[in-house]
Amino acid sequence: MERVTFDVGAMTARLVREVPVDTPDGQGGAVRGWVEAGRLWACIEPVSQRAETMAAGAERVTVTHRIWISAFAAPAAGERLVKGARLFAIKAVRDPDETGRFLVCDCEEAAR
């Protein structure tokens with residue numbers, strides 16, 4: 001596999017990594033909350049957007065991003081990255097060249 005060349009100086013976005021925490025709701029279910037699990041520098045690359053028409057003519061737009069981070073952060077699918085009011089739901093995490101230097105998080109931007 002070819003080694004990926006990536007400019008570390010492109011990591012200009014400061015993100016908060018959040019992990020889900022489920023708390024029992026007292027009725028047999030759970031309420032999902034989020035707690036901070038660290039802060040990291042990242043490079044955010046928009047990839048695509050897709051519009052979907054829903055009931056009553058409402059439109060929903062899904063925006064996907066590729067977020068590059070240092071491999072030491074090691075997030076997982078199901079977690080999220082936050083930049084101010086923006087939320088990025090992590091769908092998949094991969095090592096682009098299997099060297100253990102960087103990880104790429106495939107994310108969908110979610111509404112807060």
Taking segment 67-112, which GluC sites (Glu not before Pro) meet the DSSP loop condition and have no more than 10 other C-beta atoms within 10 Å? GLU98
A correct Karplus calculation of ³J(HN,Hα) over segment 14-31, with 6.51 cos²θ - 1.76 cosθ + 1.60, θ = phi - 60°, whole Hz and x for Gly and Pro, returns 8, 10, 9, 8, 10, 10, x, 9, 9, 10, x, 9, x, 10, x, x, 8, 10
Taking the chain as a Gaussian network, Cα atoms linked when under 10 Å apart, which of GLY26, GLY84, GLY38 shows the biggest mean-square fluctuation? GLY26
Sort GLU36, GLU59 by heavy-atom solvent-accessible area, probe 1.4 angstrom, most to least. GLU59, GLU36
Students often get this wrong, so try it: which of (1) 14, 49, 29, 7, 0; (2) 13, 40, 29, 15, 4, 0; (3) 16, 51, 30, 3 is P(r) over Cα pairs in 10 Å bins from 0, in percent as calculated from the structure shown? (2)
Using the Karplus curve 6.51 cos²θ - 1.76 cosθ + 1.60 with θ = phi - 60°, what ³J(HN,Hα) values do you get for each residue of segment 62-75, in whole Hz, with x for Gly and Pro? 9, 10, 10, 9, 10, 10, 8, 9, 6, 5, 5, 5, 6, x
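The values are calculated or read from the model by the stated rules, or taken from the named source; none is laboratory data. These numbers were taken from a predicted model, which means no experiment stands behind them. Ideal geometry is used to build each Cβ from the backbone, glycine not excepted, and the neighbour counts take in all protein chains shown. Keep in mind that these areas ignore ligands, DNA and RNA; they rest on the heavy atoms of the full protein, side chains included. Shrake-Rupley method; radii C 1.70, N 1.55, O 1.52, S 1.80 Å.
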